[in-house]
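The structure appears right after this line, and notes come after that.
The values are calculated or read from the model by the stated rules, or taken from the named source; none is laboratory data. This structure is a prediction, so every number in the text was calculated from the model and none was measured. When we count neighbours, we look across all protein chains shown, and the Cβ atoms used for this are built from the backbone with ideal geometry, even at glycine.
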Amino acid sequence: MDANNIPKIGYRIYNLAKKLWHYNRSITGIDNRKTLKHLQGISKKLKIKSIKSGKKVFDWVVPDEWNVKDAWIKDAKGNKIIDFKKNNVHLMGYSIPKKCDLTFEELKKNIFVDHERPNAIPYITSYYKKRWGFSMSLNQLKKLKKQKYKVFINSSLKPGVLNYGEILIKGKIKKEILLSTYMCHPSLANDNLSGIVTTIYLAKWIEELKDRKYSYRIIFIPETIGSIAYLSKHFKELKKNIIGGFNITCVGDNRAYSYLPSRSGNTLSDKVAKHVLNNIDKKFVRLTWFNRGSDERQYCSPGIDLPIASIMRTAFARYPEYHTSDDNLKKVVSPKGLAGGYNAIKLAIEAIEKNCYPKAKIMCMPQLGKRGLYTTLGTKKQNHNTRLMMNILTYADGKNSLIDIAEKSHRPIWDTYKIIEILIKEKIISI
Amino acid sequence: MDANNIPKIGYRIYNLAKKLWHYNRSITGIDNRKTLKHLQGISKKLKIKSIKSGKKVFDWVVPDEWNVKDAWIKDAKGNKIIDFKKNNVHLMGYSIPKKCDLTFEELKKNIFVDHERPNAIPYITSYYKKRWGFSMSLNQLKKLKKQKYKVFINSSLKPGVLNYGEILIKGKIKKEILLSTYMCHPSLANDNLSGIVTTIYLAKWIEELKDRKYSYRIIFIPETIGSIAYLSKHFKELKKNIIGGFNITCVGDNRAYSYLPSRSGNTLSDKVAKHVLNNIDKKFVRLTWFNRGSDERQYCSPGIDLPIASIMRTAFARYPEYHTSDDNLKKVVSPKGLAGGYNAIKLAIEAIEKNCYPKAKIMCMPQLGKRGLYTTLGTKKQNHNTRLMMNILTYADGKNSLIDIAEKSHRPIWDTYKIIEILIKEKIISI
Amino acid sequence: MDANNIPKIGYRIYNLAKKLWHYNRSITGIDNRKTLKHLQGISKKLKIKSIKSGKKVFDWVVPDEWNVKDAWIKDAKGNKIIDFKKNNVHLMGYSIPKKCDLTFEELKKNIFVDHERPNAIPYITSYYKKRWGFSMSLNQLKKLKKQKYKVFINSSLKPGVLNYGEILIKGKIKKEILLSTYMCHPSLANDNLSGIVTTIYLAKWIEELKDRKYSYRIIFIPETIGSIAYLSKHFKELKKNIIGGFNITCVGDNRAYSYLPSRSGNTLSDKVAKHVLNNIDKKFVRLTWFNRGSDERQYCSPGIDLPIASIMRTAFARYPEYHTSDDNLKKVVSPKGLAGGYNAIKLAIEAIEKNCYPKAKIMCMPQLGKRGLYTTLGTKKQNHNTRLMMNILTYADGKNSLIDIAEKSHRPIWDTYKIIEILIKEKIISI
């Protein structure tokens, strides 16, 4: 994939990201609704759902809704040195309203910086303890003079709702594939605007998929509280129906591919994720359950144990711009990066759709020659795809899955799809 | 094993190979019957069986019988430039009758050469599509002049029979060991005249084996169509009785030992093959199911799944002379090579015969000293075979097989046979 | 642990070893009883048991009791060149009485030396064949002149008893942990005076252990015949109740830590031993069942199969002073060595006591913040012990043991004890 060869889908996803960039997404609030409404432009099946503040969801309580009209810090001369409207990462998530005059020393107590990345604004939240705060770059803080400052936060924190988006797509069978992405971060690109925009385009592709076998459940939630709330409401049907799926996060930069396992590490989603990534990029990063940090923590928690893994580009907490204002659409996320993330998950979904347990209908080797599927001339050589066909046949005992056979053949599963079709048509195998 | 130490059996097997060398073996025909009749001179138990042309065997049909009286190509001056009677590899297997005059360009379309081995005649067949053809060395082809040629093939292709040889040897129990070798190649030495001659001498050894536990089924068949036909006829009894066995091919050169697994790779035959080869030659070649290419493809096909592995010297398709006239008794196969192949399979059969599940009849360590089996003096040292005896005892829980115990002890199983006898006699273990 | 930091327990154990040093321990005899009586000073629960000579125990017979009053060799001038009273290792264990004059050549037949360690006296026994003998250093033997020698052994070998010590400590449940150590060697320090003195102090610690869950069975026996005799008498109750335990030997030198597995290698004791040693000293020596040589041979013999592993410092037969007079309290065993051996086994016992199967009482992640167990500020970092708490929670499915969780977390199990207490108190998990 060189620069000239970036698939168009990469640009489409990237352009959507630019449109959604400025919203001040959080775990609740108007901008979450606006984001979801925008997504309905791509998929009409997306429904915006809400859960009321105060609702108990397992061990948690849905918090009050948070909205921000304005927020700034002015110096003694009245210059805005921090302006929420210019970069929403400056404001601590869930900051309470505030209006006051402070000395530099007093102000400093509510300012957060990132010592490891002195030019970037760190992303800070305090969802469950009432606080206020701003973050700024270390270099900006160093330049601040000892003078009086005015602080203004025009936010509201009141009973309201937590919103999420849900797309349900019916397939031939009731068994479902779950795609989950989170939308609680403001203007941060890879983590996780990339997830939101990639997921909606995956939804669009799935809606148009011919002969879709599985049903799909695609959700856009705030991280942690959102997945806990969703599980609290839908756990039983999810446990009954979900056979695989992915948490979609950090799918937009072009530096690496990464795989984060489910808790058990041995679900179909894990197998598929590793297979796809290994066939896209042998050097893909194999993370472990120790690197968990997103909604897989809920989906795979004891007793929940849904078969959810993660296919990412560079994973959360593993790139230097992570959770800072540098995680943006210029420095980190690119059309090429998004196209790669989209493609990997698409291939993984396809692999789950196409996976099967081929079973020979003929004892011993079938005579392929009489069907025109094999050279009639006995020589030393054998063609690459003939060899793959022979492998499919030799493993077609109804116990090896197609993905297992592809793995054993050191070939991507997508190379087998056409061959499987032929072998079914020729009544050599059934699936 | 230095030159002076080649076991006599190597020369005996080699001499038989020389006698059978010139027959034009194929999947059917008179020379197959002649080969089998010759083998009856070594084992009277060998029975020559036949299946009629046209018989449906699973997905295949037994083809017409092919016989050749003569075949040649003459140049414009009437010189025979190719003569089947001098080397039967020249004639494409199953060539139809032909008599015609051709230009060089016309002739060339039916001539096969091996570009990788310019001095050798490649071995070519066309069993299931009616064709004619000759093969010659690339260097011979290069020298041919543009002139008229006469082609003559006095072959017949008519309904007849497919022959195979079968030796059934009764043991104490009905469970069987299968040895299968193929005899469809004309004058090619390692692949697989070596298999034919080694197998008949193994049959002779088995017939003379004292206290034979297992019954034996030893078959000489044409590759692929022969094993499919045999399975089609005997599948149920094989499935019921076969507990292990080997496909015997390429056992005649002295360059390496090789192991090709069964499809599952974990049968008793696999375990034994690996154990024996590891104790003969630690550097033996470990092939995988991907290197399959002989009748293991049928014996291990889905639903058949017999426990058949292969112990070879240099395996088919893995030596430069393979499927050319260079695979002969001078360049490739030797008495030393055959002696090694024979010995390895003999040790493997013995290991299956002797394998057992020793079970201690005494709780805690037995007092070996009072039985004269252990030094009565407590010092620091312990003898090599005493240590092996102690290992047998410590693992004698009725769950570890003797071969497992030998493996755990890093010793060949044959070192345990005498010790097992002693321990049984001393009533310390039962098997 | 530097020289100044040797725990006091190391000195206490070492001082006891000095007091027990001179006794002429063997598989029977007065000095075994004296040793056991001395141990009663540390643990009043220790009971001295006896089994009569001639008693059949599985495949063995309890031998006559052996006692020695004096033993020496004098040269022609009447000088004692060997004196049992100066070093009891000189006398072959179970030497029959002897009084005679011998030429040098005659004497030499009953003298044992260690060619690999020319200055040391080797330790020799002949329990089950009536013999007499002395051992001396090779260098001493080389200097002996060709003259007459007087030999005197005032020993007795008569029906009596085999003694052993037994401590039974009740816990909350009937399931037991077995500690076994052997006391059949005379003045040899690491093998196994170190085991005797360490075990009695472990018994003392166990007696004082608060909230002891398991019951304990702690035995001081002669090696081999003692464990066979004990198993012969108590096998059924041991098989029913023992859930783990250790054979305690060679726990006194400071050169290494070693682990010897049970026969199966996968018992709780094995898991705990490896976990503890890996967290004490990553370079600990991993022995295999091939290195067995002590009472694990009985405890793990087929059909007995108790879950007994060994935690040692430098293991028997693996240090140059082994089974010679150089295995003494100056050259080999030290307070530091003993403190380390004691500590490792104590940690292992504690790990078995504390091991449990945590099970989450809450679906999805619990909200730790509201309980003050987690920072309420969302930033990039996470504390070391918070991370361990999160790991315990994510694996708390009732199937992972605490030791498994500690292993997965790359942390010692002892770091989890306090966290488990908190999580139980907070009703987040049950065990």
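In the condition set (1) in contact (Cβ under 8 Å) with a residue 12 or more places away in the chain; (2) surrounded by fewer than 17 Cβ atoms within 10 Å (Cβ to Cβ); (3) touching a Phe, Trp or Tyr at 6+ places or on another chain (Cβ under 9 Å), B:SER26 is compliant with all but (2).
Evaluated against (1) surrounded by fewer than 22 Cβ atoms within 10 Å (Cβ to Cβ); (2) within 29 Å of B:ILE200 (Cα to Cα), B:ARG131 falls short on exactly one condition, (2). Run B:LEU277 past the list (1) assigned to a strand (DSSP E or B); (2) buried (at least 20 other Cβ atoms within 10 Å of the Cβ) and report the number of the one that doesn't hold. Checking B:LEU277 against (1) assigned to a strand (DSSP E or B); (2) buried (at least 20 other Cβ atoms within 10 Å of the Cβ), the one that fails is (1). The test for being away from chain B (no Cβ under 14 Å), in contact (Cβ under 8 Å) with a residue 40 or more places away in the chain and touching a Ser or Thr at 6+ places or on another chain (Cβ under 9 Å) does not hold for C:ILE280.
Conditions tested, residue by residue: (1) loosely packed, with under 14 Cβ neighbours inside 10 Å; (2) more than 14 Å from every other protein chain (Cβ to nearest Cβ); (3) more than 26 Å from C:VAL332 (Cα to Cα); (4) in contact (Cβ under 8 Å) with a residue 40 or more places away in the chain.
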residue	(1), (2), (3), (4)
C:TRP21	no, yes, no, yes
C:ASN32	no, yes, no, yes
C:HIS38	no, yes, no, no
C:ASN79	yes, yes, yes, no
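Working only within segment B:113-167, note down all residues that are assigned to a strand (DSSP E or B) and within 12 Å of another protein chain (Cβ to nearest Cβ). Steps first, please.
Here is the first cut: in segment B:113-167, the ones assigned to a strand (DSSP E or B) are B:122, B:125, B:134-135, B:149-158, B:161-167.
Once the filter is applied, which keeps residues that are assigned to a strand (DSSP E or B) and within 12 Å of another protein chain (Cβ to nearest Cβ), segment B:113-167 yields B:PRO122, B:THR125, B:SER135.
This table checks each residue for (1) of a type in the set (Lys, Arg); (2) within 37 Å of the chain's Cα centre (by Cα); (3) over 27 Å from B:PHE284 (Cα atoms); (4) within 11 Å of another protein chain (Cβ to nearest Cβ).
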position	(1), (2), (3), (4)
B:LEU347	no, yes, no, no
B:MET365	no, no, yes, yes
B:TYR374	no, no, yes, yes
B:LYS425	yes, no, yes, no
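Taking the criterion of being within 33 Å of the chain's Cα centre (by Cα), part of a loop (DSSP other than H, G, I, E, B) and either at pLDDT below 95 or buried (at least 18 other Cβ atoms within 10 Å of the Cβ) (or both), would at least one residue in segment C:385-398 satisfy it? Scanning segment C:385-398 turns up no residue that is within 33 Å of the chain's Cα centre (by Cα), part of a loop (DSSP other than H, G, I, E, B) and either at pLDDT below 95 or buried (at least 18 other Cβ atoms within 10 Å of the Cβ) (or both). If only residues of segment B:400-410 that are in a helix (DSSP H, G or I) and touching a Phe, Trp or Tyr at 6+ places or on another chain (Cβ under 9 Å) are counted, the one that is nearest to the other protein chains (Cβ to nearest Cβ) is B:LYS408.
Within the group B:ALA339, B:ALA309, B:ALA317, which residue is closer than 18 Å to B:GLY195 by Cα, surrounded by fewer than 23 Cβ atoms within 10 Å (Cβ to Cβ) and either under 16 Å from the mean Cα position of the chain (by Cα) or in contact (Cβ under 8 Å) with a residue 24 or more places away in the chain (or both)?
Working: B:ALA339 fails: surrounded by fewer than 23 Cβ atoms within 10 Å (Cβ to Cβ); B:ALA309 fails: surrounded by fewer than 23 Cβ atoms within 10 Å (Cβ to Cβ).
So the residue among B:ALA339, B:ALA309, B:ALA317 that is closer than 18 Å to B:GLY195 by Cα, surrounded by fewer than 23 Cβ atoms within 10 Å (Cβ to Cβ) and either under 16 Å from the mean Cα position of the chain (by Cα) or in contact (Cβ under 8 Å) with a residue 24 or more places away in the chain (or both) is B:ALA317.
Answer yes if at least one residue in segment B:90-100 is on the phi < 0 side of the Ramachandran plot, polar (S, T, N, Q) and touching a residue at least 40 places away in the same chain (Cβ under 8 Å), and no otherwise. Looking through segment B:90-100, at least one residue is on the phi < 0 side of the Ramachandran plot, polar (S, T, N, Q) and touching a residue at least 40 places away in the same chain (Cβ under 8 Å). Condition check: out of contact with any His (no Cβ under 7 Å at 6 or more places or on another chain), crowded, with 19+ Cβ neighbours inside 10 Å and outside the structural domain of B:GLN147 (by TED's automatic domain parsing). Does B:ILE73 satisfy that? So B:ILE73 fails the test. Per the listing A:SER269, A:SER325, A:SER262, A:SER232, the residue uniquely more than 30 Å from A:LYS408 (Cα to Cα), buried (at least 20 other Cβ atoms within 10 Å of the Cβ) and of a type in the set (S, T, N, Q) is A:SER325. All of (1) of a type outside the set (Lys, Arg); (2) within 14 Å of chain B (Cβ to nearest Cβ); (3) without any contact (Cβ under 8 Å) to a residue 60 or more places away in the chain hold for C:ASP83 with one exception: (2). For segment C:283-319, a tally of residues being at the interface with chain B (Cβ under 8 Å from one of its Cβ atoms) and of a type in the set (Asp, Glu) returns 1. Only a single criterion out of (1) under 26 Å from B:ALA189 (Cα atoms); (2) crowded, with 23+ Cβ neighbours inside 10 Å is not satisfied by B:GLY244, namely (1). When C:LYS361, C:LYS331, C:LYS354 are checked against the criterion of being of a type in the set (Lys, Arg) and under 22 Å from C:HIS275 (Cβ atoms), a single residue qualifies: C:LYS354. The residues on offer are A:SER294, A:SER301, and the sole one that is touching a Phe, Trp or Tyr at 6+ places or on another chain (Cβ under 7 Å) and either under 30 Å from B:VAL113 (Cα atoms) or of a type in the set (S, T, N, Q) (or both) is A:SER294.
Return the only residue of A:ASP327, A:ASP397, A:ASP415 being without any contact (Cβ under 8 Å) to a residue 40 or more places away in the chain, over 22 Å from B:ASP295 (Cα atoms) and either within 14 Å of another protein chain (Cβ to nearest Cβ) or not small (Gly, Ala, Ser) (or both). Only one candidate passes the filter, namely A:ASP415.
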